[in-house]
Amino acid sequence: MRAVRPRRAIRALRWGGAALLVGSLGVVAAPAKARFCAGSAAGVDAPAAALRSPGEAELAALVEATPRCSPARRCVGIHVFVAADAAGMVVDAAWLAGQVTEAQLRFAPIEVSFEVRAASALRPEEGAVVSRRDRDRLGAGRYDEALIQVFVAGSLANVDEPGEIRGVHWRDREDRSRRWIILSKIAGRLVLTHELGHYFGLPHSSLPASVMNKTEGIERPLDERVFHARELKKMRGRLKASLGGLRLRSVTAEG
Ligand SMILES: [Zn+2]
């Protein structure tokens, strides 16, 4: 399915003089009760036969409505793939813009920014991501190491126990250097930020103020959490080490 790429978004992904390529990270396991990687069980999407794919105009509007990279920051491009049901795309531009805005704010201390460079539609049968194989298949033929692929599903099952999760940083089981992010439409505004934290090397955290801490009901509300200074330092260090050559590769993580 052809990606919609506005003319201004075709430029190469550059961090200073270096093209950004992404490396390998771990799979994020999701405990049962959490708002970031895991969530409560939800309903089943409409049958595939009732689904429709967003048109190019809708996809272009999705790109246009999301914020551009903040100036003077290293800009990381995102290619978003959105599922649709009978009512249209499972999320709207405001939802996606909220996710990107939160990521921009929380990565600003290390001068990293994000923007949606391209938008595509998932096939109707891909809207419900149930199995590990489903997660692998999302990236098949779509993985591009110059951009971060973010798949937005109608539902995203927990593959370890019954229930759904809100997001996951997934590593292709056949080629673990290939990885992408999968979000569910039920994801709160900070889920993309949390998964990008995994993408750039962070594991989960027990620090109460950390966006990498998935625990609810502690002193800092989930929506107010940020990267801890130690987490920022870790991501900065990994990125700096990876920028020694022309391309950023093989950023690793425990998460
Ligand atoms: Zn996580």
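Sorted on the mean count of surrounding Cβ atoms within 10 Å across their residues, most packed first, peptides 183-193, 58-68 read 183-193, 58-68. The label point for Ala97 and the one for Arg132, both projected 7 Å from the Cα toward the Cβ, are 4.0 nm apart. In this label model, Ala72 and Ala209 are separated by 2.4 nm, measuring between points 7 Å along each Cα→Cβ vector. Maximal additional length on extending the Arg176-Ala60 stretch stands at 38.7 nm, based on 0.36 nm per residue less the C-alpha distance.
Bear in mind that the values in this text are calculations on the coordinates, not laboratory data. Small disclaimer: the values here were computed from a predicted structure and weren't measured. Counting neighbours? That spans all protein chains shown, and the Cβs are built from the backbone with ideal geometry, glycine included.
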